[in-house]
1. Report yes if residue 79 is away from the ligand (no atom under 16 Å from the Cβ) and hydroxyl-bearing (Ser, Thr, Tyr), otherwise no.
2. Name the single residue, out of those in the stretch 1-21 being in a strand (DSSP E or B) and away from the ligand (no atom under 16 Å from the Cβ), that is surrounded by the most Cβ atoms within 10 Å (Cβ to Cβ).
3. Out of the strands (runs of 3 or more DSSP E) lying entirely within the stretch 132-227, which hold 2 or more residues that are within 16 Å of the ligand (Cβ to nearest atom) and either under 21 Å from residue 5 (Cα atoms) or of a type in the set (Ser, Thr, Tyr) (or both)?
4. Residues that are in contact with a Lys or Arg (Cβ under 7 Å, 6 or more places away or on another chain) and outside the structural domain of residue 79 (by TED's automatic domain parsing): which strands (runs of 3 or more DSSP E) entirely in the stretch 415-520 hold 1 or more of them?
5. Here is a check on your reading of the model: is residue 534 over 30 Å from residue 455 (Cα atoms), in a helix (DSSP H, G or I) and at pLDDT 85 or above?
6. Would the stretch 265-273 turn up any residue that is at pLDDT below 90, within 25 Å of residue 13 (Cα to Cα) and either touching a helix residue (DSSP H, G or I) at 6+ places or on another chain (Cβ under 9 Å) or part of a helix (DSSP H, G or I) (or both)?
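The values are calculated or read from the model by the stated rules, or taken from the named source; none is laboratory data. Not measured: the values here are computed from a predicted model. Cβ atoms come from the backbone with ideal geometry, glycine included; neighbour counts cover every protein chain shown.
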Amino acid sequence: MKRVIGIDLGTSNSCVAVLDGATAQVIGNRGGYKTTPSMVAVTETGRKLVGHIAKRQAITNAENTVYAAKRLIGRKFNSPQVMSAVRHASYRIVEGPHGEARIALRSEILSVPEISALILQELKIVAEDFLGEPVEQAVITVPAYFNDNQRQATKDAGLIAGLDVIRIVNEPTAAAISYGTSQREGTTVAVYDFGGGTFDVSILELGKGGVFKVLGTAGDTFLGGEDVDERLVDWLVAEFEAEHKVDLRSDRMARQRLKDAAEKAKCELSSVSSTELNLPFIISNERGEALHLQRSLSRAKLEELTADLIDRSIDICLDALSDAGLEKGDLDDVLLVGGMTRMPAIQRKITEVFGREPNRSVHPDECVAIGAAMHGASLVGAEKKPLVLLDVTPLSLGIMTHGGGFDELVPANTTVPTSRVKSFTTSRDGQTRMSIIVQQVAKDREGERELLGEFALEGISSKAKGAVVVDVSFAIDANGIVAVEASEQASGKKAAITVEASSGLTKPEIQEMQKSAAHAMDERRHGEAIESERQAAQSLVGEVERLLENLRSSAGDSSVLGATMAGIEAVLSQAKLLTDGRDPSKLKALLPQLERAAQMLRSLGN
Ligand code: AMP
């Protein structure tokens, strides 16, 4: 039986799991890491780097390193969310041919699904290395609050990566699966999922025979750890400007260093009460003098700067609870999911609001991928105990009326799969074409309707006398993906529907991307080995230079050491040429010599 992998495609980190024997487990990559940074970069020579290797070079190549692409997936360029990302991101976001957001990386413009596909490919490789066999099928998770365009675009990313995405599952639901199979029936849980980019909450009831019924869900696709980091960055920028009259945001590299330092400080403050931010030579002033950023930051200050973000997440939780018709006391457990839930202020707030300590039995970074793998196994019949998921659509689905209003067809929190039929009448005799605009909207956000597609019904009987009635059926499948079909009521004849790509990619585009991704995958397997050699050589070159300099200042040009130093310098200059050059393949042979030189200098320095 073919194996299905479960993939948590996160904003900050991604994770892959598979059912191994009776239990699902997360698969570590070659470096031993169980999660992979959701980062993609393009080097000077045009090579694509993914994951840890991309993260390691993010500061020196900020403009060409993409992070948090999940915030852009399935979104239009001119949406408020993308506009905000345009202002903050260190990479360049541009408008694509369908009005969607795309990313400019050196000479290439990549669609967001292509960026996500690179991350998915990386995870596919990790799984294949572990299993020792090719992997084709995957269950991929998305925030419960993703709309149809975002779900479609995630599915497209899977296709481009060469994966058959057998199901898209909501992240909190996947987390509940990893927690719930051993729980007693009738347990009601809230899954509080605060990740890098999105916040989601789902209320679930665990029923008889492995049934997971979602009672309600709510969320915000623009509330996450990135926002917490951004608050810290804003504060640091303002403090620095007050002191030095220099705007740190004016420099991309400074911005990237700040962002990294802010995130690191935030994570540290989950276990200590105060930390130091130290960024030497962050920028120079107008007189060309180098400026340094040095600040201490307390946990209390971090909590003060971000209290409203945490409050917002709690409000969303209470909304979800009331939509599910429940009281706080009806919950048996609150599960914490997502890296941000390590923040003590979040745990404290949950305890305070729900009157109980949150449950920390599931691993906040791994449970989503594990749940996805378990669901995948159950879908292909590899899991002995079947799972039944009854999820809901988080958004309401409807059509735009003539006056520009919204006619709701499927309300939010309806159990999926579901379908509705609506009849439309032509407005004049002989009318052969009718256009219908399908939209999705979040509760209380009437003004922010998302266009899913414009459906033109062509070929309506022109000979019919009077108005023609056309039945349009709207269906939401188990993936939360919307499909539309139309037929003439009298004749039963199906009218053709043309869907204009509203924010995703067209089929031929996806096929083209699929081909080049498959080709790039082979190149990448080869290229990454070379890149890690280059990075290892660069760090050794730096160390040897420093040690050599130290030795020279302490021993001078003594004749005993002179010959050794000259030998080392020769190796060094050869290595520098090779690391800077475009053909780093010869580096491999030079690495042992560099390592020996470093060892010798280290021992001389002691
Ligand atoms: P996820 O999307 O679940 O991988 O969550 C990633 C987010 O969790 C990022 O914003 C991280 O900075 C944040 N995070 C990870 N570890 C910690 C920690 N110890 N304390 C606070 N936030 C953390």
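1. Considered against the rule, which asks whether it is away from the ligand (no atom under 16 Å from the Cβ) and hydroxyl-bearing (Ser, Thr, Tyr), residue 79 comes out as yes.
2. Checked the stretch 1-21; the qualifying residue surrounded by the most Cβ atoms within 10 Å (Cβ to Cβ) is 5.
3. 137-142, 164-170
4. 434-441, 450-458, 469-476, 482-488
5. The answer is no for residue 534.
6. Within the stretch 265-273, none of the residues are at pLDDT below 90, within 25 Å of residue 13 (Cα to Cα) and either touching a helix residue (DSSP H, G or I) at 6+ places or on another chain (Cβ under 9 Å) or part of a helix (DSSP H, G or I) (or both).
Here is a yes/no grid of residues against (1) under 32 Å from the mean Cα position of the chain (by Cα); (2) more than 20 Å from residue 475 (Cβ to Cβ); (3) modelled with pLDDT under 90:
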residue	(1), (2), (3)
417	yes, no, no
434	no, no, yes
439	yes, no, no
443	yes, yes, yes
446	yes, yes, yes
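Residues checked against (1) away from the ligand (no atom under 16 Å from the Cβ); (2) among the β-branched types (Val, Ile, Thr); (3) in the same structural domain as residue 26 (by TED's automatic domain parsing):
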| site | (1), (2), (3) |
| --- | --- |
| 263 | no, no, no |
| 272 | no, yes, no |
| 294 | yes, no, no |
| 312 | no, no, yes |
| 319 | yes, no, yes |
| 327 | yes, no, yes |
| 334 | yes, yes, yes |
| 352 | yes, no, yes |
| 363 | no, no, yes |
